[in-house]
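One structure below.
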Amino acid sequence: MDLPTLNLPAVTSSIRTIDGCTEIFDPIRKVFVVLTPEEWVRQHFINYLVSDRLFPAGLIAIEKQIRVNRMSKRFDIVAHFPTGQPAMIVECKAPSVKISLETFNQALRYNLSLNIHYLALTNGLTHFCFRLNYNDKTSRQLDHIPSYQEIVG
């Protein structure tokens with residue numbers, strides 16, 4: 001598999017191929033998972049959150065299942081406050097997928113059951129982050145991905 005260079009810090013991950021299936025080690029879930037283009041982005045973004053933005057790895061959940069309008073959905077990455085309350089969600093797409101208004105709306109729909117305050121979207125090349133305000137029902141695009149300290153105050 002030809003994996004693109006992303007606009008994120010490089011990851012030193014264990015990659016293996018078993019019976020023709022390439023896998024990458026996920027340090028959060030502590031298992032090898034199939035290495036798809038989206039997983040390549042997810043692993044880089046997890047690394048970025050932990051090593052650069054200083055999110056505690058123990059407060060990050062991957063592919064967390066949630067209920068939205070009685071349907072099961074999965075978030076790519078959910079970072080939590082120390083209380084366990086979700087703080088930020090991250091929707092990852094393959095590098096070939098353009099981040100669009102539909103991507104933003106999809107993540108917002110998923111968020112109906114979480115009520116987080118930070119929403120990040122990435123395809124590994126382009127990243128967006130929004131601060132959501134539920135009091136006045138607005139969102140504000142940020143010029144960076146906030147650090148854990150910025151989020152928890």
Review point. In whole percent, how big is the carbon plus sulfur part of the accessible area of the chain, probe 1.4 Å, protein atoms only?
Key: 51
Practice item. Between residue 143 and residue 85, with labels modelled 7 Å along Cα→Cβ, what's the label distance in nm to one decimal, could you check? Key: 2.9
Review point. Of (i) 15.9; (ii) 15.4; (iii) 18.4, which is the value of Kirkwood radius over Cα pairs in Å derived from the coordinates here?
Key: (i)
Practice item. Would you mind getting the accessible area per residue of the chain, heavy atoms of the protein chains only, 1.4 Å probe, in Å²? Key: 54
**Study point:** CD proxy at 222 nm, helix term only [per DSSP H run n ≥ 4: -39500 (n - 2.57); per residue of the chain; nearest 500]
**Key:** -5000 deg cm²/dmol
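The values are calculated or read from the model by the stated rules, or taken from the named source; none is laboratory data. Remember, predicted model here, so these are calculated numbers, not experimental data. Glycine also receives a Cβ, built like all others from the backbone with ideal geometry; neighbour counts cover every protein chain displayed. Remember, those area values only see protein heavy atoms, side chains included, never the ligands or the DNA or RNA. Shrake-Rupley method; radii C 1.70, N 1.55, O 1.52, S 1.80 Å.
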